[in-house]
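Okay, structure first, notes after.
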Amino acid sequence: MPRLTLTPERTLPADAQAAALLGRIWRPDAAGPAVVTLRDGNVIDVTRTFPTSRDLCEAPDPAAALRAASGETVAPLAEILANTPPDGRDAARPWLLSPLDLQVVKAAGVTFAVSMLERVIEEKARGNPAAAATIREEIGKLIGDDLSKLKPGSPEAMHLKDVLIKQGAWSQYLEVGIGPDAEIFTKAPPMSSVGTGFDAGLHPASTWNNPEPEIVLVVASDGRIVGATLGNDVNLRDVEGRSALLLGKAKDNNAAAAVGPFIRLFDAGFTLDHVRNTTVTLKVEGEDGFVLEGSSSIAKISRDPADLASQMIGPHHQYPDGAALYLGTMFAPIKDRDTPGGGFTHKYGDVVTIAAPELGALVNRMKRTDHCEPWTFGTSHLMRSLAKRGLL
């Protein structure tokens with residue numbers, strides 16, 4: 001399989017010098033993770049001020065708090081990035097981790113019209129990619145493919161629902177796509193996400209799957225949206241297509257929640273309005289020479305990011321350590337890879353790059369879930385590590 005190569009130029013936002021970037025690294029000398037930021041190309045450990053990423057995100061003004069925090073220079077970012085991919089990693093030197101730790105990882109589904117239609121197709125194809133092309137044409141003729149201007153829960157949306165029910169074409173995916181309630185599910189537990197440069201997991205039971213390039217909001221326990229990063233909500237189309245009750249098996253697998261490279265905290269130069277106007281790009285490069293490219297424009301989202309965050313957290317859903325929320329994607333790959341009409345599916349060794357100028361690039365290589373690095377360092381291990389270092 002190809003080795004991943006990470007560089008600051010490839011990883012960081014275009015205006016990185018002006019950005020408040022929050023990350024995490026593994027420090028072998030401390031036998032545990034450290035909360036870090038970037039200054040003048042160097043990685044600065046601020047763990048003595050903020051023991052966890054969660055702690056910083058709970059500050060009244062996280063970006064200002066990060067800029068004011070004193071810390072220890074660990075190494076140039078270029079060295080840490082070069083040591084991050086698992087192949088050839090020197091276990092005696094630090095490497096980058098996912099920027100999330102104690103936050104629960106949530107995801108919003110069916111938030112774009114295009115991906116909504118693909119979910120309907122998956123459901124009707126019952127996990128069979130060969131049937132998808134025919135069903136896609138039939139669904140498109142019935143309801144069209146431009147529902148981006150239809151406000152979920154509006155009278156117009158409810159009228160369309162009535163029409164589709166009478167036509168026998170209603171779907172549970174249309175319910176969350178144009179109905180009043182968003183689909184919000186748990187993508188992964190705290191401490192389980194993988195960062196840029198890591199292998200991302202595909203369950204070997206799946207033969208029809210795809211990447212999902214998304215923006216991930218970082219939300220404090222009181223509901224404030226404090227920053228954003230990039231994510232790959234790895235999706236097993238055949239598993240979920242067989243039954244929506246298999247969503248957990250389709251979404252929550254070892255190394256299947258990729259997040260990073262850094263959380264960009266909100267400040268005067270980067271706000272939720274910037275997120276609303278961001279375009280996320282995707283590139284898949286296979287060992288077989290196959291290349292797939294696409295993009296997802298947040299401006300075309302059916303539900304505003306703030307609305308999605310408010311449906312995730314509030315009086316009825318509390319997360320005392322905050323949460324990270326995948327916003328969903330409009331990108332649903334249908335390009336044939338091997339056979340006409342067979343559509344796209346991953347092959348092991350695919351390198352997936354998800355990028356946005358404001359957030360940098362998240363790069364992962366796809367492997368079997370049981371061939372990725374096992375998840376062995378959980379919340380209890382983090383607490384013991386911080387206590388041993390006198391940080392709690």
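Checking Thr196, Thr207 one by one, the residue that is surrounded by fewer than 24 Cβ atoms within 10 Å (Cβ to Cβ) and of a type outside the set (Phe, Trp, Tyr) is Thr207 and no other.
Only residues that are open to solvent by 60 Å² or more (accessible area, probe 1.4 Å) and among the basic types (Lys, Arg) were counted in segment 364-383, giving 1.
Does Ala228 meet the test of being in a strand (DSSP E or B) and under 11 Å from the mean Cα position of the chain (by Cα)? Yes. When Ala30, Ala59 are checked against the criterion of being of a type in the set (A, V, I, L, M, F, W, C), modelled with pLDDT under 95 and out of contact with any Pro (no Cβ under 8 Å at 6 or more places or on another chain), Ala30 stands alone in meeting it.
For segment 300-313, a residue qualifies if it is open to solvent by 30 Å² or more (accessible area, probe 1.4 Å), modelled with pLDDT of 90 or more and not hydroxyl-bearing (Ser, Thr, Tyr), and the qualifying residues are Asp304, Ala306, Asp307, Gln311.
Annotation: Leu202 fulfils all but one of (1) more than 16 Å from the chain's Cα centre (by Cα); (2) closer than 19 Å to Pro86 by Cβ; the unmet one is (1).
The values are calculated or read from the model by the stated rules, or taken from the named source; none is laboratory data. Predicted model only: the values in this text are computed from it and were never measured. FYI the Cβ positions are ideal-geometry reconstructions off the backbone, even for glycines, and counts take in every protein chain you see. These area figures cover heavy atoms from the full protein model, side chains too; ligands, DNA and RNA do not enter into them. Shrake-Rupley method; radii C 1.70, N 1.55, O 1.52, S 1.80 Å.
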